[in-house]
Amino acid sequence: APAMNIAITNSWFNFNCRTGMSWGGGNGLTISGSQFNYNGIGRIVSAMASGFDAELEPPNAVCTSPSMVANGTFTNCEFSGNRFCGFITDQASASTKNISFSNCTFRPSADPSSYCSWQRSKAVQFKDCTFYGRVGPFYNASVTAWPPSGPDYRTVFSSCNFYEEDANYCYVSDAVPA
């Protein structure tokens, strides 16, 4: 599919009932300096309840022939306090792949089922990112020989920091201040 070359800069996708933003089809999305925070946490909620959802959607009236969700780049973005996930991509097919994050921050909500990120699609990469809380499942590349004979689709974390907690946030929903 030809590149879309869509760019989103310094935008806020916060406090929505379902998801901050969904990417359901296309090749080439660049997002920088943006927030995907506190989605799915109000009185009216529906799943995914996540900051950003990247998954190929079936054909519909708006997009009659989507073919992929590929080649997305996030730089200096924040994914915090979303009920289920800050970022989710849950398709291990060839249609959803090559999504990268650079210098992004991920925090879960106080919900016990909340994750920083959930990346089961191919070739998701994190560089210089910070994670506070748990990180969800990864793509199972099942590499049996090194180097792999085909493309390397593993999830990669490079120069990232992982913390159980953040001094500025409390992830326990019934915590009582000392």
- Note on the structure: Relative contact order as a percentage, the range 58-109, C-alpha pairs under 8 Å and 6+ apart, gives 48
- Message: Under a crude label model (7 Å from the Cα following the beta-carbon direction), how far is Ser158 from Asn10 in nanometres?
- Response: 2.9
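In whole percent, and with a 1.4 Å probe on the protein chains, what portion of the accessible area of the chain is carbon and sulfur?
So the carbon and sulfur contribution to the accessible surface is 52 percent.
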- Query: Picking from Val124, Cys160, Ala49, whose Cα lies most toward the positive end of the charge dipole for the chain (charges on Cβ: Lys, Arg +1; Asp, Glu -1)?
  - Reply: Val124
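Just to verify a number: FRET efficiency for Thr30 and Ala92, C-beta to C-beta distance, R0 = 25 Å, to 0.05? Can you show the working numbers first?
Numbers: r = 24 Å, r/R0 = 0.96.
Using R0 = 25 Å, I get an efficiency of 0.55.
Give the peptides 154-165, 16-27, 71-82 in descending order of average Cβ contacts within 10 Å, highest first. Mind showing how you got there, number by number?
Numbers: 154-165: 13.2, 16-27: 19.3, 71-82: 22.7.
With the highest mean Cβ count within 10 Å placed first, the list reads 71-82, 16-27, 154-165.
What accessible area per residue, rounded to a whole number of Å², is obtained for the range 1-116 using a probe radius of 1.4 Å? Before the final figure, lay out each step's value.
Details: 5150 Å² over 116 residues.
With the other protein chains kept in place, the range 1-116 gives 44 Å² per residue.
Could you order the peptides 115-125, 52-62 from most to least packed, using the average number of other C-beta atoms within 10 Å per residue? The partial results should precede the final answer.
Numbers: 115-125: 22.9, 52-62: 15.9.
The peptides rank, most packed first, as 115-125, 52-62.
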- Task: Give me the percent of Cα-Cα pairs in the range 79-120 that sit more than 13 Å apart, rounded to a whole number.
- Result: 54
- Task: Would you please give the residues with an amide H less than 5 Å from that of Phe126, counting only those at least 5 places away or on a separate chain, with H modeled from the backbone geometry?
- Result: Phe101, Val156, Phe157, Ser158
- Query: Label 7 Å along Cα→Cβ of Asn60; the range 11-45 residues with amide nitrogen under 16 Å?
  - Reply: 17-26
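The values are calculated or read from the model by the stated rules, or taken from the named source; none is laboratory data. These figures come from a predicted structure and were not determined experimentally. Don't worry about glycine lacking a Cβ; one is built from the backbone with ideal geometry, like all the others, and counts go over all protein chains shown. Keep in mind that these areas ignore ligands, DNA and RNA; they rest on the heavy atoms of the full protein, side chains included. Shrake-Rupley method; radii C 1.70, N 1.55, O 1.52, S 1.80 Å.
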